[in-house]
Amino acid sequence: MLNKPIKIAFVVKDIIASVAFYTKVLDLEVEATYPEGNRLEDSYVFLKSETIIIELMPKKFMGDTPLGFHHLAFWSDNIAENLGDISKRGGELLSTAFSAGVGGITLGDFKGPEGILLRLFNQKK
C-alpha cells in the first residue's frame with residue numbers, strides 16, 4: 001500500500017534563504033544535502049520535520065522547471081513492483097525505477113491528477 005507520503009519538493013531560487021526560513025522560522029532541521037560535500041547553495045537539501053521531509057531543489061540545476069511545487073514522494077519498499085501495480089490500476093508511469101545517483105536513493109515517477117508529478121522514494125542507508 002502506497003499511503004505514506006514522506007517528502008514534498010520545491011524548486012527554489014535561493015537555497016541559503018530558503019534553508020534559513022525553514023530552520024529559523026519553522027524549526028526544521030537539515031537532514032541531508034546532496035551531493036555531499038557541495039557548498040550549500042549548490043546542494044539539494046532535505047529538511048526534516050516530525051511527519052515529512054521537505055526537499056529544496058536549486059533552480060539553477062532545474063532548467064525550465066518553474067519555481068514552487070515540484071513533486072510529492074511516497075515511500076516504497078519495492079519501487080519496480082509498486083510502479084507495476086500503479087500501471088495495472090491505470091496510473092500513467094513517467095519512468096521505471098532509477099537511481100538518483102546520490103545517498104542510496106532510488107526513485108520512480110508517475111502522473112497524478114492534473115499532471116502533478118508523483119514519485120516513489122526509497123533510500124538504503
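Contact map, the range 45-69: first residue free of Cβ contacts under 8 Å to residues at least 24 places away in the same chain, second residue part of a strand (DSSP E or B), Cβ cut-off under 6 Å, separation 6 or more or different chains; pairs are Lys48/Glu29; Lys48/Glu31. Test Lys13 against the criterion of being closer than 21 Å to Asp64 by Cα, in contact (Cβ under 8 Å) with a residue 12 or more places away in the chain and more than 13 Å from the chain's Cα centre (by Cα), and give yes or no. Yes. Going by the structure shown, is Gly37 of a type in the set (Gly, Ala, Ser), more than 16 Å from Leu118 (Cα to Cα) and modelled with pLDDT under 95? Judged against the criteria, Gly37 is a match. Residues that are over 20 Å from Val11 (Cβ atoms), at pLDDT below 95 and among the acidic types (Asp, Glu) do not occur anywhere in the range 81-104.
Restricted to the range 83-101, and to residues there that are touching a strand residue (DSSP E or B) at 6+ places or on another chain (Cβ under 6 Å) and surrounded by 13 or more Cβ atoms within 10 Å (Cβ to Cβ), the residue that is nearest to Lys7 (Cα to Cα) is Ala100. Residues of the range 17-48 that are out of contact with any Pro (no Cβ under 8 Å at 6 or more places or on another chain), of a type in the set (Gly, Ala, Ser) and surrounded by 14 or more Cβ atoms within 10 Å (Cβ to Cβ): Ser18, Ala32.
The values are calculated or read from the model by the stated rules, or taken from the named source; none is laboratory data. Here the structure is a predicted model, which means the values were calculated and not measured. Here Cβ is always computed from backbone atoms with ideal geometry, including for glycine, and neighbour counts include all displayed protein chains.
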